[in-house]
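**Q** Submitted below is the structure of interest, expressed as structure tokens.
The values are calculated or read from the model by the stated rules, or taken from the named source; none is laboratory data. Nothing here was measured: the structure is a model prediction, and the numbers come from that model. Heads up, the Cβs are rebuilt from the backbone with ideal geometry, glycines too, and the neighbour counts pull from every protein chain shown. What goes into the accessible areas is simple: the full protein's heavy atoms, side chains included, and nothing from ligands, DNA or RNA. Shrake-Rupley method; radii C 1.70, N 1.55, O 1.52, S 1.80 Å.
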Amino acid sequence: MSSPPPAPAAASPRGQIWIINNIQKRKNIRDLLLSATAFGVSEVFVVGQKLLSFEAALHFEDSLPGFKLPYPITRCRTLDECKALLLARDPSTRVIGIEILHSAKSVNDPDVFVADAPMAFMVGNEGSGLSDAQVAICDGFVYIPQYGGGTASLNVTVAASIIMHRYAVWAATNRRD
């Protein structure tokens, strides 16, 4: 007889926020939303996403009957509008892009996450990475070290899931009750 699965890690009091912008494939959007559920994301912002692609990704009935996302989805027209809304809610919010840049910190660095500020993460497009407009609203960048001889590129949902998991583990061990 197998034992029950472990209880989920406690979420950070501030949670983690994700920004979806310029992701084209419905499957990637859907998988990102499911990973956000698994790793305790508190809210998802959708910026300028094609309505048809995004709405179609929300139909979980075929594989997960009765499933509902446990976090709100907030729509914004532009990245600047999204950042302004985040800062209006909490001026200490940091927008973190996931990209391999010289200024990026490794997701394994002990100080990559900030304890006293909400963190909103954003991945780039499946093919081209973060756009100039996405880079412009970021307060910092994080990358995922890779140890093989691959392409230095991961699927957008795989990359997002790694960051979500690392943040959830960090938040569970750095809670301030």
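**Q** What does the charge count near Gly140 come to, summing +1 for each Lys or Arg and -1 for each Asp or Glu among other residues with Cβ under 14 Å from its Cβ?
**A** Charge balance in the 14 Å sphere: -1.
**Q** Can you list residues from other chains, or at least 5 along the same chain, whose modelled amide H is less than 5 Å from the amide H of Val46?
**A** Ile20, Thr74, Arg75, Cys76
**Q** Sticking with this structure for a sec: Hey, if we sort Lys25, Lys83, Lys105 by accessible area with the 1.4 Å probe, largest down, what's the order?
**A** In descending accessible area the options line up as Lys25, Lys105, Lys83.
**Q** Determine the shape class of the stretch 16-174: with a ≥ b ≥ c the square roots of the Cα gyration tensor eigenvalues, call it rounded for a/c under 1.5, and otherwise prolate if a/b is greater than b/c, oblate otherwise.
**A** rounded
**Q** For Asn155, what charge total do you get from the other residues with a beta carbon under 9 Å from its beta carbon, if Lys and Arg give +1 and Asp and Glu give -1?
**A** Result for the local shell: -2.
**Q** Okay, moving on. Holding the Cα-Cα limit at 24 Å, pick out from Lys27/Lys105; Lys25/Lys68; Lys27/Lys68 the pairs that are longer than that.
**A** Cα-Cα > 24 Å for Lys27/Lys105; rest within.
**Q** Still on this structure: Would you please report the Å³ per residue occupied by the convex hull of the alpha carbon atoms in the stretch 106-177?
**A** Spread over its residues, the Cα hull of the stretch 106-177 gives 99 Å³ apiece.
**Q** Out of all DSSP beta bridges with both ends in the stretch 16-174, state the antiparallel percent to the nearest 5.
**A** Around 5 percent antiparallel, to the nearest 5.
**Q** Quick one: what are the phi-derived ³J(HN,Hα) couplings along the stretch 126-133, Karplus 6.51/-1.76/1.60 with θ = phi - 60°, whole Hz, x for glycine and proline?
**A** 4, x, 10, x, 5, 7, 4, 5
**Q** In addition: Could you give the length gained by full extension between Val135 and Ala38, i.e. 0.36 nm per residue of separation minus their alpha carbon distance, to one decimal place?
**A** Between Val135 and Ala38, full extension yields 32.2 nm more.
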